[in-house]
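The values are calculated or read from the model by the stated rules, or taken from the named source; none is laboratory data. Predicted, not measured: the structure shown is a model, and the values here were computed from it. FYI the Cβ positions are ideal-geometry reconstructions off the backbone, even for glycines, and counts take in every protein chain you see.
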Amino acid sequence: MKDTIIMFDMDGTLLDLAFDDLIWNQQLAIRHAEHHQCSLEQSQANLNQFYQQHKHTISWYSSAYWTQTVGVDVLQLQYDFKQHIAPRPGCFELLTQLKQQGYRCWLLTNADQAGLQLKLDQIELQPYFEVILSSEQLGYSKEHPLFWQKLQELHPFSSQDAVFIDDTAPVLDAAQQFGIPHLFSIIQPSSGRDARCQTELNYPALQDLTELIDHLATINTKVLHEQTA
Ligand SMILES: [Mg+2]
């Protein structure tokens, strides 16, 4: 059981997505409007158009790409508001318990390497993880099947023994297609937004992250039964 690798998404899973909402849905539009001397409405309309074009691609997650595209230093913007970066409920309780129980944990994020570093500087996640990886390193976002292939080439693992937690449905779908059997979503990725409806999420979902411990116990019992059957 301790060969199980618990793979975590970062934003909206371990960390509160309220920070990313603040940056991408509020402050970027304000700074973009200042920079281009246009109204906030105009700025929001322009940014929405870009978002629709690039959603779920590797460009979507690149601060450098956005800086180049919209003319605002998006990484600097994140640094300016870094005090808003915060863990989700149960984050450290869960990671501490998993570490005590000897689980191997990996952090797999679509945040680019610069954004990842900023978050690791603010929140002490590093000591809990054996592997920390930005999809930028692989050249494919987690929604893309090649992300999972390339991850396995770089860090060999048995997909059957992996557990993966992520708040984004298309990412979970790609992981499922790759063959990861134990997938979990997050009920409320952002503290600034309402909780999502469990029945609409397609995957079992966690409110407090520590709920994962009970799920792992169930998975381990099942595996044990299969082995002894
Ligand atoms: Mg996420």
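Report whether or not G115 is buried (at least 18 other Cβ atoms within 10 Å of the Cβ), on the phi > 0 side of the Ramachandran plot and in contact with a Ser or Thr (Cβ under 8 Å, 6 or more places away or on another chain). No; evaluated as a whole, the condition is false for this residue. Taking region 102-131 as the range and being among the charged types (D, E, K, R) and within 16 Å of the ligand (Cβ to nearest atom) as the test, the residues that pass are D112, K119. Would you be able to tell me the number of residues in region 63-91 that are on the phi > 0 side of the Ramachandran plot and assigned by TED's automatic domain parsing to the domain that holds W24? Summing the residues that are on the phi > 0 side of the Ramachandran plot and assigned by TED's automatic domain parsing to the domain that holds W24 in region 63-91 gives 1.
Is it the case, given these coordinates, that L133 is of a type in the set (A, V, I, L, M, F, W, C), touching a residue at least 60 places away in the same chain (Cβ under 8 Å) and more than 20 Å from N25 (Cα to Cα)? Quick ask: steps written out before the conclusion?
Values: of a type in the set (A, V, I, L, M, F, W, C): yes; touching a residue at least 60 places away in the same chain (Cβ under 8 Å): no; more than 20 Å from N25 (Cα to Cα): yes.
No; evaluated as a whole, the condition is false for this residue.
Apart from one condition, W66 fits all of (1) surrounded by fewer than 19 Cβ atoms within 10 Å (Cβ to Cβ); (2) farther than 28 Å from R196 by Cα; the exception is (1).
If you go through region 133-170 and keep only what is of a type outside the set (S, T, Y) and within 13 Å of the ligand (Cβ to nearest atom), you end up with K142, E143, F164, I165, D166, D167, A169, P170. Inclusion of L172 among residues that are surrounded by fewer than 19 Cβ atoms within 10 Å (Cβ to Cβ), at pLDDT 95 or above and within 18 Å of A111 (Cβ to Cβ) is not warranted. Residue check: is Q101 free of Cβ contacts under 8 Å to residues at least 40 places away in the same chain, assigned by TED's automatic domain parsing to the domain that holds L133 and closer than 30 Å to Q126 by Cα? No.
Considering only region 197-207, how many residues are at pLDDT below 95, in a loop (DSSP other than H, G, I, E, B) and not polar (S, T, N, Q)?
Filtering region 197-207 down to residues at pLDDT below 95 leaves 197-202, 207.
Add one more test, that the residue is in a loop (DSSP other than H, G, I, E, B), and what stays is 197, 201-202, 207.
If we keep only those that are not polar (S, T, N, Q) too, we end up with 197, 201.
Of the residues in that region, 2 qualify.
Quick one: would you say W106 is in a helix (DSSP H, G or I), assigned by TED's automatic domain parsing to the domain that holds R193 and either farther than 22 Å from D20 by Cα or of a type outside the set (D, E) (or both)? When the stated conditions are applied, W106 does not pass them.
Could we say that E143 is assigned to a loop (DSSP other than H, G, I, E, B), in contact with a Pro (Cβ under 7 Å, 6 or more places away or on another chain) and of a type outside the set (K, R) here? So E143 passes the test. Within region 211-222, not a single residue is of a type in the set (A, V, I, L, M), surrounded by 14 or more Cβ atoms within 10 Å (Cβ to Cβ) and assigned to a loop (DSSP other than H, G, I, E, B). H225 meets the conditions (1) out of contact with any Cys (no Cβ under 9 Å at 6 or more places or on another chain); (2) of a type outside the set (S, T, N, Q); (3) within 16 Å of the ligand (Cβ to nearest atom) in every case but one. The failed one is (3).
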